[in-house]
Amino acid sequence: MAQASHGQAPPTEEELSRARLRLGLEGPVARITISRPERRNAMTGRTWTTLAHIGRTLPDDVRIVVIEGDGDTFSAGIDLGMFSPEGVDGERSVVAGLADGTTTDAELQDYVAGLQEGFLWLRRPDLVTIAAVRGHAIGAGFQLALSCDLRILADDARLCMKEPALGLVPDLTGTKPLVDIVGVNRAIEICLTARRVGAQEARELGLAELVVGVDELSGAVDDVVAALLATDREAATATKALLQQAAGNTLAQQAEAERRAQAARLTALAKGMTGR
């Protein structure tokens, strides 16, 4: 596995295996697979902290990240064993320390913040991240897909924000992109009914950029990856950064941001032509 230049070694194969993840590096493309098909790719805290580790240590030449599930489902979400007193596979139980009073509210929030890091890095402007969704993306699985820039769905995909039905809230950074895409009212309806959103509806709502047949999913992802790689990396990074700030900017602020970004790009291009 290639070494990243961030002062930390990437996760070992053993660490990836314990987190039930696979990581493939193909030059500028990183492919991350949730690999727990016997549990419908249910995820645990270790899954998300290892995702964060991957994000911190990606080789600098990686431009595209594709996330998919092993088999016929993306992810059934959190492994509910995390809420049992015993926890999952030696991991800490989310509730045990709360039940006996040994975990404070601040400690719990710090723990969740660490899990959220596994999702937040997918918004980095120097990367384009793609969720390739087949079958169910439930709860944390849906939030992981929402963390990506693009969602390409097989026509059997089903999206569901299950947490409220379990007495919880979505806490893995999924509420903002959901509201940004579908609006507050539709987000309330999707979350508080915990219903499944099918692939065609997802496309109509803007939750999917593309819907294809199950057998076409891999090829469709490869086509999008190839198109993205054909775009200049520095221009792509600057453009993504502009688009990410647009919703929070006034028109005047966005126009100013565009001027600054374009000046930087023109300067870089001019230096490239003169060799200085």
> Which angle from 0 to 90°, rounded to the nearest 10, does the C-alpha axis of helix 233-246 make with the longest principal axis of the chain?
Replying inline: 60
> Among all the lysines, which ones have a C-alpha under 23 Å from Lys271's C-alpha, if same-chain residues fewer than 8 places away are not counted?
Replying inline: Lys240
>> Could you sort the peptides 78-84, 241-247 by per-residue average Cβ neighbour count (10 Å cutoff), highest mean leading?
In response: 78-84, 241-247
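With an 8 Å cut-off on Cα pairs and a minimum separation of 6 or more residues, tell me the relative contact order of the range 1-139 in percent. Please report the intermediate quantities before stating the final value.
Details: 238 pairs, mean separation 38.5, N = 139.
Result for the range 1-139 is 28 percent.
So, with +1 on the Cβ of K and R and -1 on the Cβ of D and E, and no other charges, what is the size of the charge dipole of the chain about its Cα centre, to the nearest 20 debye? Mind dumping the intermediate values first?
Working: 29 positive and 38 negative charges, 142 e Å.
With only Lys, Arg, Asp and Glu charged at Cβ, the dipole is about 680 debye.
Suppose the chain between Val112 and Lys271 were pulled fully straight at 0.36 nm per residue; how much longer would it get relative to their current alpha carbon spacing? If you can, show how the numbers build up before the last one.
Values: separation 159, 0.36 × 159 = 57.24 nm, distance 4.51 nm.
So the chain would gain 52.7 nm between Val112 and Lys271.
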> Check Ile78: other-chain or 5+ apart residues with amide H under 5 Å from its amide H, H built from backbone geometry?
Replying inline: Met43, Ala140, Gly141
> Size of the range 175-276 along its principal axes in angstrom, Cα-based, largest extent first?
Replying inline: 58, 38, 16
>> Using the Karplus curve 6.51 cos²θ - 1.76 cosθ + 1.60 with θ = phi - 60°, what ³J(HN,Hα) values do you get for each residue of the range 142-149, in whole Hz, with x for Gly and Pro?
In response: 5, 5, 5, 5, 5, 6, 7, 5
> With springs only between Cα atoms under 10 Å, which of Arg39, Arg265, Arg195 fluctuates most in a Gaussian network model of the chain?
Replying inline: Arg265
> Remind me, relative contact order of the range 126-197 in percent, using alpha carbon pairs under 8 angstrom and six or more residues apart?
Replying inline: 32
> For the chain, modelled as a Gaussian network with Cα springs under 10 Å, which listed residue fluctuates most, Val128, Val184, Val211?
Replying inline: Val184
>> Could you give each residue of the range 10-19 its phi-based ³J(HN,Hα) in whole Hz, using Karplus coefficients 6.51, -1.76, 1.60 with θ = phi - 60°, and x for Gly or Pro?
In response: x, x, 6, 4, 5, 5, 4, 5, 5, 7
> Working out 0.36 nm times the residue gap between Glu256 and Arg195, then minus their Cα-Cα distance, what length gain in nm do you get to one decimal?
Replying inline: 17.8 nm
> Taking only Cα atoms, what is the 0 to 90° angle, nearest 10, from helix 217-229's long axis to the longest principal axis of the chain?
Replying inline: 40
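Between Thr231 and Arg22, what length comes free when the chain is fully extended (0.36 nm per residue of separation minus the Cα-Cα distance, one decimal in nm)? Let's see the in-between values first.
Working: separation 209, 0.36 × 209 = 75.24 nm, distance 2.72 nm.
Result: 72.5 nm gained on full extension.
Can you check how the C-alpha radius of gyration of the range 1-102 compares to 2.2 N^0.38 Å, as a plain ratio? Could the numbers behind the result be given before it?
Working: Rg = 15.2 Å, N = 102, 2.2 N^0.38 = 12.8 Å.
So the range 1-102 has a normalised radius of gyration of 1.19.
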>> If you average the C-alpha positions of the range 1-73 and of the range 221-251 separately, how far apart do those two centres end up, in angstrom?
In response: 23
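Read-outs: derived from the displayed coordinates by stated rules, not from any lab. Because the structure is predicted, anything quoted here is derived from the model rather than measured. Note that each Cβ is placed from the backbone with ideal geometry, even for glycine, and that neighbours are counted across all protein chains shown.
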